[in-house]
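A quick write-up on the structure given underneath.
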Amino acid sequence: MIEATLCFPLRTISRGDDPTADGDDGREVLLIEKRRGLGEGWYNGPGGKCEPGETPQECAVRETREEVGLDVRDLEKAGELRFLLDGEVHTFCHVFRTRSFTGEPTPSEEARPEWVPIGDVPYDQMWEDDRLWLPGVLEGKTVRGEFRFEGGEPLDEAAFVDHDLEWDVSF
Ligand SMILES: Nc1nc2c([nH]c(=O)n2[C@H]2C[C@H](O)[C@@H](COP(=O)(O)OP(=O)(O)OP(=O)(O)O)O2)c(=O)[nH]1
């Protein structure tokens with residue numbers, strides 16, 4: 001089983017009197033367009049696999065720095081997601097969010113970062129399950145989820161079959 005993390009940096013920008021502004025109140029999330037590996041070509045949060053001896057928080061901080069050059073702090077645990085492939089746990093993913101960071105998002109070989117208004121998150125260019133749990137995570141909720149895929153490796157080519165979700169959990 002792979003242990004992995006995702007980190008969603010959040011900010012609120014001032015939109016002044018912009019009449020075209022939608023209902024996000026200027027709230028944005030830093031997404032990446034993944035340039036290689038699992039989920040290549042899709043949008044996601046920064047993140048990746050935990051290294052031996054590393055806590056999930058340490059992993060999320062390291063991956064965010066490596067992928068987009070942002071130093072995140074004060075991570076808040078927002079979710080635990082289990083991805084099953086053909087009945088076996090394939091990946092256990094810890095999800096974090098934070099409003100504390102320093103640095104400027106910078107592209108790397110792995111990722112192209114982009115601030116996205118939370119009402120414009122491109123769910124049609126993301127893992128199929130993300131539309132089920134990410135909106136709640138971006139609204140400040142906590143979630144525990146299980147997502148079942150079938151069809152063999154790699155996970156990002158398997159078919160998403162069904163899921164269970166529990167909201168407002170404590171970690
Ligand atoms: N949003 C979202 N993320 C997912 C899903 N399934 C899944 O593995 N992930 C995440 C967990 C990890 O952060 C990431 C995959 O790990 P990774 O980025 O290290 O994978 P990789 O193959 O590129 O690995 P590497 O060689 O670069 O270390 O994708 C999903 O359904 N939705």
Restricting the range 99-152 to residues that are part of a loop (DSSP other than H, G, I, E, B) and aliphatic (A, V, I, L, M), which is farthest from the ligand (Cβ to nearest atom)? Val121
Does Gly152 meet the test of being exposed (fewer than 12 other Cβ atoms within 10 Å of the Cβ) and either touching a residue at least 40 places away in the same chain (Cβ under 8 Å) or not acidic (Asp, Glu) (or both)? yes
Condition test on Val72, is it modelled with pLDDT of 95 or more, assigned to a helix (DSSP H, G or I), in contact with a strand residue (DSSP E or B) (Cβ under 8 Å, 6 or more places away or on another chain) and surrounded by 17 or more Cβ atoms within 10 Å (Cβ to Cβ)? no
Out of Pro9, Pro52, which single residue is assigned to a loop (DSSP other than H, G, I, E, B) and either surrounded by fewer than 12 Cβ atoms within 10 Å (Cβ to Cβ) or under 11 Å from the mean Cα position of the chain (by Cα) (or both)? Pro52
Against the conditions (1) on the phi > 0 side of the Ramachandran plot; (2) in a helix (DSSP H, G or I), where does Gly41 fall short? Just the number, please. (2)
Going through the range 153-170 one residue at a time, which ones are in a loop (DSSP other than H, G, I, E, B) and within 13 Å of the ligand (Cβ to nearest atom)? Glu153, Pro154, Ala158
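The values are calculated or read from the model by the stated rules, or taken from the named source; none is laboratory data. All values reported here derive from a predicted model rather than from experimental measurement. Cβ coordinates were reconstructed from backbone atoms using ideal geometry, including for glycine residues, and neighbour counts include every protein chain displayed.
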